[in-house]
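> Here's a structure for you.
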Amino acid sequence: MGLFDIFRKKEHNKEDNLPIFEKMFFDIQAAVDNDDERTLKELCTEEMFISLMKGKADNVRNGATNIVEDIEIKHRFTVDAYYDGDVLQDFHEVHFQFTVSDYYINDSGELLPGSSKDPQFIEEVWVFTRSVYSKDNSWYLSDIELLEN
């Protein structure tokens, strides 16, 4: 048994965790939309949590509220899944293709210029990670990359 096997909790097929990541995708979207910091702390790394909260704070400072509605995943697939022995972490990168109504309103509920309630097609890569020392094998969102369409 090699060092890699000692630190690994279990081997897994790259696609086995996709239902977990899809649920996390929806749970995180809902938590952001509902200002649910507790759920975000449970599902995100500290760095990702701070990034999401900074985005929310920027919106508040600018008098804008981001509304995200009618999310529908069209396709999702694993981009990469790997173990990084330097940090003793598993990583799983998932490409999400989805439609969403994502727009901004002001404090009066009026649509801000440049916003549209029309559904948009979005592609993002979400990176999930977990420590090999985790007792519960929990995954956490560590990064989101918006892909240009």
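Readers should treat all values here as calculations from the given coordinates under stated rules, not as data from a laboratory. All values reported here derive from a predicted model rather than from experimental measurement. Glycine gets a Cβ as well: all are built from the backbone with ideal geometry, and neighbour counts include every protein chain shown.
> Taking neighbour Cβ counts within 10 Å as the exposure measure, how do Trp139, Trp126 sort from fewest upward?
In increasing order of surrounding Cβ atoms, one gets Trp139, Trp126.
> Within 12 Å, Cβ to Cβ, of Asp143, how many net charges do the neighbouring residues add up to if Lys/Arg are +1 and Asp/Glu are -1?
Cβ neighbours under 12 Å give a net charge of -4.
> Turning to a different aspect of this structure: Going by how many other beta carbons lie within 10 Å of each one, how would you line up Val94, Val32, fewest first?
Val32, Val94
> Still on this structure, please answer the following. Based on the alpha-carbon gyration tensor of region 3-147 and its eigenvalue square roots a ≥ b ≥ c, which shape applies: rounded if a/c is under 1.5, prolate if not and a/b is larger than b/c, or oblate?
prolate
> As a footprinting exposure proxy, order Phe25, Phe98, Phe121 by other Cβ within 10 Å, with the fewest listed first.
So the ranking, lowest neighbour count to highest, is Phe121, Phe98, Phe25.
> Continuing with this model, one more query. Starting from 0.36 nm per residue, how many nanometres of slack lie between Ile105 and Glu22 once their C-alpha separation is accounted for?
27.1 nm
> What does the helix-only formula give at 222 nm for the chain: each DSSP H stretch with n ≥ 4 adding -39500 (n - 2.57), the total divided by the residues, and the result rounded to the nearest 500 deg cm²/dmol?
Mean residue ellipticity at 222 nm (helix-derived): -9000 deg cm²/dmol.
> To continue, here is another question. DSSP loop (so not H, G, I, E, B), at most 12 other Cβ within 10 Å: list which GluC sites (Glu not before Pro) in region 60-121 pass both filters.
Glu110
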